[in-house]
Amino acid sequence: MRRYNEYTEQELIDLDKALIQKLIDYECALDGVPLMPPHPGPEPSKTEITPDMTVYAVAGLYFQSAEDAAIVLSAITSVSLFQTVGWHADDKRVAPISPGDYQYPKVQSEVVLSEGKFDSIKVKLERYTEAKSNWDKVSNLYDKGLRERKDIITRVNSVINTAKFNNNQKQEMRDKFEAYMGLADNNRTVAMNFLRKANPIWVDEYPDIVEELCPMYVEVSK
């Protein structure tokens with residue numbers, strides 16, 4: 001099998017994705033880089049979970065009704081409340097909590113899953129968790145394979161992209177030359193001089209196109 005740098009410019013331009021991948025695989029084989037593992041495919045879709053129950057929290061406890069939460073809050077706040085302050089054992093102490101303090105107990109509502117709703121989606125969640133775990137493993141292997149092949153992929157694609165770039169430049173060179181032919185009364189040498197003055201790098205980089213457009217070209221003053 002030929003290596004990518006043994007292809008002609010036109011052959012490189014005509015390569016399809018399958019052949020490009022084959023060239024990359026061949027370079028990997030030559031360099032001892034493992035072949036790519038299977039593509040992980042799309043990430044599993046997570047089951048949409050919509051909480052269906054409002055609960056009321058007071059001091060870390062939850063209640064199904066705001067009234068029950070208010071009763072507990074009233075009982076708690078009917079006595080003096082304290083909190084511990086200090087980070088170390090030798091300065092840890094208690095300090096009173098007053099209404100308005102951030103830590104002062106209050107009723108807070110929260111929307112959560114009811115036990116019945118959770119039971120109804122539990123199996124789906126377990127299946128998703130397992131599928132996601134398996135997908136993560138395959139995805140990590142695939143990403144590892146891409147990292148190992150990165151330099152080779154860049155090397156091959158760079159040669160192909162250069163071939164395409166050069167081909168586009170050569171075609172633009174031909175088009176510009178034809179335009180200059182009209183200004184030069186169809187004198188190819190004069191037209192090539194125009195082209196050389198406007199785009200000297202083309203004439204230096206692509207002598208084959210110079211020969212194609214103006215055989216035996218020798219620059220003359222005009």
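No value in this document is a laboratory result; all are computed from the given coordinates. Keep in mind it's a predicted model, so treat the numbers as computed, not measured. Note that we place each Cβ from the backbone using ideal geometry, even for glycine, and neighbour counts take in every protein chain shown.
Just to verify a result, which residue in the stretch 196-222, among those that are in a helix (DSSP H, G or I) and touching a Lys or Arg at 6+ places or on another chain (Cβ under 6 Å), is surrounded by the fewest Cβ atoms within 10 Å (Cβ to Cβ)?
Taking the stretch 196-222 first, the residues in a helix (DSSP H, G or I) are 196-198, 200-205, 207-213.
Those left that are additionally touching a Lys or Arg at 6+ places or on another chain (Cβ under 6 Å): 203, 209.
Numbers: 203: 21, 209: 19.
Among those that are in a helix (DSSP H, G or I) and touching a Lys or Arg at 6+ places or on another chain (Cβ under 6 Å), it is 209.
Report, by residue number, each residue of the stretch 163-195 that is loosely packed, with under 15 Cβ neighbours inside 10 Å and in contact with a helix residue (DSSP H, G or I) (Cβ under 6 Å, 6 or more places away or on another chain).
Passing the criteria: 164, 167.
Those residues that are among the acidic types (Asp, Glu) and under 25 Å from the mean Cα position of the chain (by Cα), I need them from the stretch 28-53; list them, please.
Result: 43, 48.
Inspect the stretch 97-106 for any residue being surrounded by 11 or more Cβ atoms within 10 Å (Cβ to Cβ), of a type in the set (D, E, K, R) and within 30 Å of residue 51 (Cβ to Cβ) and give the result as yes or no.
yes
Return yes when residue 52 is of a type outside the set (Lys, Arg) and in contact with a Ser or Thr (Cβ under 8 Å, 6 or more places away or on another chain) and no when it is not.
Yes: the conditions hold for residue 52.
Within the stretch 1-26, how many residues turn out to be of a type in the set (Lys, Arg), surrounded by 11 or more Cβ atoms within 10 Å (Cβ to Cβ) and either under 27 Å from the mean Cα position of the chain (by Cα) or assigned to a helix (DSSP H, G or I) (or both)?
Residues that pass the stated criteria total 1.
Please go through (1) over 31 Å from the mean Cα position of the chain (by Cα); (2) touching a residue at least 40 places away in the same chain (Cβ under 8 Å); (3) within 30 Å of residue 166 (Cα to Cα) for residue 56 and return the number of the only condition it doesn't satisfy.
Status for residue 56: all satisfied but (3).
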